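Everything on this sheet refers to the single structure shown next.
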Amino acid sequence: MTVASKGQKFKQWTAEEKYKIIKPALDFEKSTSQITKETGLNNGMINNWIKAYRENGMEGLTPKRKRNNPLAKYYNKKNLTKEEQLEYENMKLRIENEMLKKGFLMKEDGTYVKFMK
């Protein structure tokens with residue numbers, strides 16, 4: 001099992017790259033374990049790609065967009081412009097408003113707790 005080091009990024013595979021890797025298994029030319037040995041990829045990942053392809057075709061192999069923290073771009077900056085400060089504050093208030101709509105309450109330390117009736 002490969003564990004990411006701090007700051008390490010894992011390779012993003014395109015649908016075409018995934019298909020090229022799993023095609024021999026789909027055509028019954030090679031087993032998934034043979035593909036694993038040749039590519040060095042995890043057998044579970046290859047099986048997941050095959051399953052996704054069989055269920056949804058090339059669309060199943062298309063990488064899904066990950067949702068990022070909308071505030072992350074502000075965390076990494078030391079000096080925010082006035083406009084960025086306002087955007088940051090606006091975004092924080094929008095998130096807080098959504099949390100309140102979903103029944104969460106904010107404690108004094110800034111953490112949220114689920115409100116039970």
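Worth a mention:
- 5 angstrom amide H check on Phe104, placed H, neighbours 5+ away: Phe115
- 10 Å Cβ shell holding at most 10 others, DSSP loop, GluC sites (Glu not before Pro): longest site-free stretch of the chain: 30-107
- C-alpha long axis of helix 15-26 to longest principal axis of the chain, angle in °: 40 degrees
- Each of Phe10, Phe104 was scored by other Cβ atoms within 10 Å of its Cβ. Listed from fewest to most, they are Phe10, Phe104.
- Neighbour-limited loop hits for chymotrypsin sites (Phe, Trp or Tyr not before Pro), region 28-87 (at most 13 other Cβ within 10 Å; DSSP other than H, G, I, E, B): Phe28
- Amide H contacts for Lys30 (H built 1.01 Å from N in the peptide plane; partners 5 or more residues away or on another chain; cut-off under 5 Å): Ala25.
- Adding -39500 (n - 2.57) for every DSSP H run of four residues or longer, then dividing by how many residues the chain holds, sets the calculated 222 nm ellipticity at -15500 deg cm²/dmol.
- Under-26-angstrom lysine pairs by C-alpha in region 72-114, whenever the two are 8 or more apart or on separate chains: 14
No lab work stands behind these numbers, since they all come straight from the coordinates. As the structure is a computational prediction, the values presented were derived from the model and not from experiment. When we count neighbours, we look across all protein chains shown, and the Cβ atoms used for this are built from the backbone with ideal geometry, even at glycine.
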